[in-house]
1. Kindly list the residues of segment 45-62 that lie in the label zone of I27, defined by a backbone N under 17 Å from the point 7 Å along the Cα-to-C-beta vector.
2. Over 22 Å between Cα atoms: which of K47/K97; K13/K74; K47/K74; K66/K106; K85/K115; K66/K92 fall into that group?
3. At 222 nm, what helix-only mean residue ellipticity would the chain give, in deg cm²/dmol to the nearest 500, using -39500 (n - 2.57) for each DSSP H run of four or more?
4. Treating only the Cβ of Lys, Arg, Asp and Glu as charged (+1, +1, -1, -1), what charge dipole size does segment 23-91 show about its Cα centre? Round to the nearest 20 debye.
5. Assign unit charges at the C-beta atoms only (+1 for Lys and Arg, -1 for Asp and Glu), then state the dipole size of the chain relative to its Cα centre in Debye, rounded to the nearest 20.
6. Skip the ligands, DNA and RNA, and give the accessible area per residue of the chain with a 1.4 Å probe, whole Å².
7. If segment 1-68 were replaced by its equivalent ellipsoid, with semi-axes equal to the square roots of 5 times the Cα gyration tensor eigenvalues, what would those be, largest first, whole Å?
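The values are calculated or read from the model by the stated rules, or taken from the named source; none is laboratory data. Nothing here was measured: the structure is a model prediction, and the numbers come from that model. Because the Cβ atoms are built from the backbone with ideal geometry, glycine has one as well, and the counts that use them run over all protein chains shown. Side chains are part of the model used for accessible areas, which takes the heavy atoms of the whole protein and leaves out ligands, DNA and RNA. Shrake-Rupley method; radii C 1.70, N 1.55, O 1.52, S 1.80 Å.
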Amino acid sequence: MAAKPSRSQLRKKLKTVFSKVVRRVGICQRCGFSTVRYLQCSHIRSKKAHPRLEFDLDNVLSMCQKCHIYWWHKEPYEAIEWFEKEFPDQAKRLREKVLNEMSLPKPDLEGLLEKYEKLLAE
């Protein structure tokens, strides 16, 4: 019988699968660049400050490296203003989740991994 994966192994696999799900959009959601190989999973609210939202699809966008690293991280006020204008429904859901974050359950890593693997298989 195979040993159950450790929490760190599970997180590592989940990060990979989650990123693939996010990048499956196929384009940078800011500039429209369309080479999947260069797309990144860009978190809106930081993973460190909001750990319960790390694997939440409302907390991420698919972005090319240029938009993610050299715009999103360099111009956060402009980036958030743009996000709220371009994705108002997602921004509203994310705001509500941030306000209620402490009452959200801790992420079920195994359940999330299974959910996102199924999305990739579709």
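1. Answer for segment 45-62: 61-62.
2. K13/K74; K66/K106; K85/K115; K66/K92
3. -14000 deg cm²/dmol
4. Using Cβ point charges on Lys, Arg, Asp and Glu, segment 23-91 gives about 400 debye.
5. Charge dipole, the chain, about its Cα centre: 540 debye, nearest 20.
6. Accessible area per residue: 68 Å².
7. Value: 25, 15, 8 Å, ordered largest first.
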